[in-house]
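S.K.: Starting off with a structure, shown below.
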Amino acid sequence: MHIVKFAFESLGFDVRLMRGGLASLVWNLAQEFADQGHRVSVITPAHGCLDHLRAHYDLEELDHADQHTVPLILDPDVWPGHPAELELHLTTRAHRLRHEGVDIYLLSDEYLDLLPERIYPARASEGSDLAFFKPLVFQVSGLRFLRAHLDLDAEPAVVQAYEPYYHYLLPPVLRDDPRFLVVSTLASNMPINQQIHRPQLERLLDLFDTTADLDALTDRPPLGTLARAMAAHLPATHLTEPATTDGIGYFALIAANCDLLDFLTPGQLDFYSTFRDTPFEQAFQHLTVQRIVRRSAERQFVGGCAVPDSWLAREPADNDREQILTALGLDPQLPTFYHVARFSPHHKGQVELFRAIDTALTADPDINVIVRCAVAAGGDNVLSAVGDPYFQEVADRHPGRIRLDWAMAGEDVLHQEAVAADFCLFPSKFELDSFLIAQGQLMACGAVPIGTAQEVTTHYRHHLPREHPDATGFAVPRSFTEDDPLLTAALTERILEAARIHRQDPAEYRRLSDNARALARRFTWRKAATTRLATFAAAAAGVLPGLTPERATEYGWFTALADTDWVTHRREIAEAAKLRGDLTVYRKCVPDMDRDAVADLFAAAFARADFTRCADLATLLDDPDLVTALDGRCRAEWTGEGLRIDYRLPHAESVLLVLPSGEHRLTGTDGHFTTTLARTPAVPLAFLLQLRGGRTAWDERPLDACRPATPVGAGRERD
């Protein structure tokens with residue numbers, strides 16, 4: 001096959017041009033495909049770094065000077081003060097870099113050469129700086145190069161495009177071209193309903209003489225108080241973005257038009273299919289993209305990800321841990337914790353991490369911490385600007401215990417630091433990561449992980465109970481909050497616990513370390529490439545991955561099951577229905593269910609805080625005590641200070657009240673939470689519950705349904 005990789009960041013072999021895991025993913029797969037005898041081409045921007053590339057590699061300038069125009073149709077609500085329409089008149093040139101059997105085509109023009117240090121436009125630049133459209137220009141310039149200038153010969157061509165935000169034009173434009181099989185690879189989990197301005201998309205499709213049914217991709221505004229509360233809160237979780245009246249979700253556009261959807265881990269596929277147990281799960285069920293995800297399930301597969309072969313080939317024993325830590329100004333006799341990632345304070349959980357490090361070192365100063373938060377281009381021994389003054393303040397407060405570096409580093413330096421680490425810290429939030437290559441690299445060196453119990457990273461097994469024979473480390477709760485005190489507290493506790501185990505139970509530490517090392521070394525690029533090549537070849541022959549009954553059952557997609565599945569998988573379906581408190585499906589599997597079964601369904605629904613199902617099941621059980629308990633979970637009464645709201649749920653960790661006027665974090669513990677409002681809300685109360693075990697759920701309670709009833713009196717102005 002001829003595999004054409006279309007990616008915004010690709011050169012994982014050069015630290016100067018790396019900003020994240022995407023470059024490593026693209027490059028390692030390209031190299032492995034080439035090693036297995038396939039022709040591999042990479043289309044990527046030069047990012048204004050041609051001089052650097054020319055100085056270090058054999059760079060060939062091609063006879064390609066594509067003069068073309070990219071139309072920009074600006075949303076006036078987002079780009080105030082700018083013209084409604086602009087035209088970018090560009091001349092895109094191409095250079096070819098042949099490296100280790102791969103042809104890399106580097107595109108360069110007035111926009112693709114912008115931001116040589118950042119590479120990626122800052123999200124905050126939307127609405128003010130036209131450099132924000134650099135990724136859009138890449139799609140147009142790259143598509144033109146692919147269709148008209150790349151020599152395709154007679155080979156089957158698989159276009160593997162990375163990250164929906166950087167390739168949403170490719171699936172509809174190439175959909176009807178018999179030369180291509182288009183694969184969309186999701187390297188991270190950006191909001192699934194992220195949108196492009198519809199007039200802009202329509203103009204781009206016209207540019208390529210392409211049509212698409214955009215009406216089928218739109219959503220209606222949410223109805224109801226709870227839906228509006230969700231819409232107001234959810235953007236802060238990074239799981240979704242505010243919908244616009246004329247926006248088109250580009251993941252829906254991709255899923256409806258591409259030939260295959262490629263995920264890096266089983267957990268990532270599960271997460272993006274259901275968003276289960278997250279604040280977004282309930283809202284997701286009502287979106288058009290959810291229906292498209294289900295319809296495209298037969299085209300979805302897990303291609304896998306891996307630890308680089310060059311990393312696995314290194315021998316940790318060749319490095320002197322004592323010498324490395326001494327050179328870093330740290331004490332080699334102390335347990336050492338390591339965090340390495342690009343500087344992303346909220347996504348990577350770095351705000352909570354530094355707070356936890358500060359608290360942990362105050363409680364137990366006999367700990368080393370190495371943190372590398374890469375802010376920009378760099379390399380070995382390259383100084384970089386301070387990314388966050390607070391982070392630096394914490395490091396300065398604990399001299400000889402924290403080593404903080406802001407620069408990118410090459411593999412030699414990273415491997416030395418990894419060998420010196422006893423534990424690795426990865427408190428990523430919002431489920432935005434997927435495989436987390438850096439975590440795999442550290443685990444491969446024996447570092448025991450302390451990481452968020454994200455669904456997308458369950459393959460690392462740090463979420464398993466520590467007593468489990470396959471456990472590799474320690475978990476902290478999933479987080480969908482930018483400033484999360486629960487995550488900070490959990491990180492502090494885990495760091496201190498890990499240090500105690502390292503000192504007091506070395507056999508247990510060695511068990512976890514050995515598990516981590518053995519597991520991480522199983523993730524190879526050869527396996528990831530072989531899986532994809534087989535799937536590409538099958539799809540080209542008309543055979544798709546398919547939706548298994550096991551997967552449909554796990555997701556609760558019961559309507560997707562065939563009649564025969566209800567016979568051959570009856571027990572599994574019944575168990576899945578029972579876990580959800582789903583009476584209808586359970587009764588279909590067990591027609592002669594008894595009262596105990598109904599009680600079990602109620603218990604499951606209650607554990608999930610699914611109070612709609614609880615109410616129906618309590619009525620079926622004819623148990624007035626259950627009905628009373630459900631009705632009484634929220635109480636409201638006027639006091640001298642205002643309207644006191646009491647919320648009681650035994651297995652709740654936190655409760656957030658979301659009102660049109662703002663959000664109110666209820667205080668309390670042990671399942672009893674309170675807050676006081678100055679005014680009476682004019683709408684029902686919408687609560688976001690975080691439950692023990694990591695699930696979050698929404699609950700809506702009409703104020704007049706709360707007991708005791710609100711008395712008539714002074715201070716009852718409506719909010």
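The values are calculated or read from the model by the stated rules, or taken from the named source; none is laboratory data. Just so you know, these numbers come straight off a predicted model, no measurement behind them. Methodologically, a virtual Cβ is constructed for each residue, glycine included, from the backbone with ideal geometry; neighbour enumeration extends over all protein chains shown. Remember, those area values only see protein heavy atoms, side chains included, never the ligands or the DNA or RNA. Shrake-Rupley method; radii C 1.70, N 1.55, O 1.52, S 1.80 Å.
S.K.: Of the conditions (1) touching a strand residue (DSSP E or B) at 6+ places or on another chain (Cβ under 8 Å); (2) open to solvent by 20 Å² or more (accessible area, probe 1.4 Å), ALA629 fails just one. Which one is it?
M.R.: (1)
For (1) surrounded by fewer than 21 Cβ atoms within 10 Å (Cβ to Cβ); (2) at pLDDT below 95; (3) within 12 Å of PRO427 (Cα to Cα), each residue gets a yes or a no:
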residue: ASP483; (1), (2), (3): yes, yes, no
residue: THR488; (1), (2), (3): no, no, yes
residue: ARG494; (1), (2), (3): no, no, yes
residue: ARG500; (1), (2), (3): yes, no, no
residue: PRO506; (1), (2), (3): yes, no, no
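S.K.: Tally up the residues in region 74-92 that are in contact with a Lys or Arg (Cβ under 9 Å, 6 or more places away or on another chain), of a type in the set (Val, Ile, Thr) and open to solvent by 20 Å² or more (accessible area, probe 1.4 Å), please.
M.R.: Residues flagged as in contact with a Lys or Arg (Cβ under 9 Å, 6 or more places away or on another chain), of a type in the set (Val, Ile, Thr) and open to solvent by 20 Å² or more (accessible area, probe 1.4 Å) within region 74-92 amount to 0.
S.K.: Here is a further query. Considering only residues that are modelled with pLDDT under 90 and either surrounded by fewer than 21 Cβ atoms within 10 Å (Cβ to Cβ) or of a type in the set (Val, Ile, Thr) (or both), which ones fall in region 389-408? Outline the logic, then answer.
M.R.: Going through region 389-408, the residues modelled with pLDDT under 90 turn out to be 407-408.
Correct list: ALA407 only.
S.K.: Can you run down the residue pairs with Cβ atoms below 6 Å, 6 or more apart or on separate chains, where the first is in region 290-313 and among the charged types (D, E, K, R) and the partner is in a loop (DSSP other than H, G, I, E, B) and open to solvent by 10 Å² or more (accessible area, probe 1.4 Å)?
M.R.: Going by the 6 Å Cβ cut-off, the qualifying pairs are GLU298/LEU544; GLU298/GLY546; GLU298/LEU547; ARG299/LEU544.
S.K.: Among the residues of region 514-536 satisfying the criterion of being in contact with a Phe, Trp or Tyr (Cβ under 9 Å, 6 or more places away or on another chain) and of a type outside the set (A, V, I, L, M, F, W, C), which is farthest from THR669 (Cα to Cα)? Even if it seems obvious, please write down each step before you answer.
M.R.: Initially, region 514-536 is screened for residues in contact with a Phe, Trp or Tyr (Cβ under 9 Å, 6 or more places away or on another chain), giving 516, 519-520, 523, 529, 531-533, 535.
In the following step, the residues that additionally are of a type outside the set (A, V, I, L, M, F, W, C) were identified as 531-532, 535.
Details: THR531: 48, ARG532: 49, THR535: 50 Å.
Filtering region 514-536 for residues that are in contact with a Phe, Trp or Tyr (Cβ under 9 Å, 6 or more places away or on another chain) and of a type outside the set (A, V, I, L, M, F, W, C), the one farthest from THR669 (Cα to Cα) comes out as THR535.
S.K.: Can you tell me which of LEU97, LEU143, LEU152 is open to solvent by less than 30 Å² (accessible area, probe 1.4 Å), in contact (Cβ under 8 Å) with a residue 40 or more places away in the chain, out of contact with any Ser or Thr (no Cβ under 9 Å at 6 or more places or on another chain) and farther than 27 Å from ASP14 by Cα? Spell out how you get there, then give the answer.
M.R.: Numbers: LEU97 fails: farther than 27 Å from ASP14 by Cα; LEU143 fails: farther than 27 Å from ASP14 by Cα.
Every option except LEU152 fails the conditions.
S.K.: Out of the residues in region 177-210 that are out of contact with any strand residue (DSSP E or B) (no Cβ under 9 Å at 6 or more places or on another chain) and without any contact (Cβ under 8 Å) to a residue 24 or more places away in the chain, state the one that is nearest to GLU298 (Cα to Cα).
M.R.: Selected residue: PRO178.
S.K.: Still on this model: Between a residue in region 6-20 that is farther than 9 Å from THR44 by Cβ and part of a loop (DSSP other than H, G, I, E, B) and any residue that is of a type in the set (Lys, Arg) and open to solvent by 10 Å² or more (accessible area, probe 1.4 Å), which pairs come within a Cβ distance under 7 Å, given they are 6 or more apart or on different chains?
M.R.: ARG19/ARG342; GLY20/ARG342
S.K.: Name the single residue that is modelled with the lowest pLDDT among those in region 673-712 being small (Gly, Ala, Ser), surrounded by fewer than 19 Cβ atoms within 10 Å (Cβ to Cβ) and in contact with a strand residue (DSSP E or B) (Cβ under 7 Å, 6 or more places away or on another chain).
M.R.: Taking the candidates together, the pick is ALA682.
S.K.: Additional query: For region 578-592, enumerate the residues that are under 17 Å from VAL567 (Cα atoms) and among the hydrophobic types (A, V, I, L, M, F, W, C).
M.R.: Matches in region 578-592: VAL585, CYS589, VAL590.
S.K.: Same structure, new question: Step by step: first the residues of region 12-50, then only those that are modelled with pLDDT of 95 or more, open to solvent by 10 Å² or more (accessible area, probe 1.4 Å) and aliphatic (A, V, I, L, M), then the one that is farthest from ARG179 (Cα to Cα). Which residue is that?
M.R.: Of everything passing the filter in region 12-50, LEU50 is farthest from ARG179 (Cα to Cα).
S.K.: Now, a different point. When you look at ARG587, is it buried (at least 16 other Cβ atoms within 10 Å of the Cβ) and closer than 23 Å to THR696 by Cα, yes or no?
M.R.: Working: buried (at least 16 other Cβ atoms within 10 Å of the Cβ): yes; closer than 23 Å to THR696 by Cα: no.
No, not satisfied.
S.K.: Residue under question is VAL658, and the condition is that it be part of a loop (DSSP other than H, G, I, E, B), under 29 Å from PRO485 (Cβ atoms), in contact with a helix residue (DSSP H, G or I) (Cβ under 9 Å, 6 or more places away or on another chain) and open to solvent by less than 70 Å² (accessible area, probe 1.4 Å); does it hold? Give the derivation first.
M.R.: Working: part of a loop (DSSP other than H, G, I, E, B): no; under 29 Å from PRO485 (Cβ atoms): yes; in contact with a helix residue (DSSP H, G or I) (Cβ under 9 Å, 6 or more places away or on another chain): yes; open to solvent by less than 70 Å² (accessible area, probe 1.4 Å): yes.
Judged against the criteria, VAL658 is not a match.
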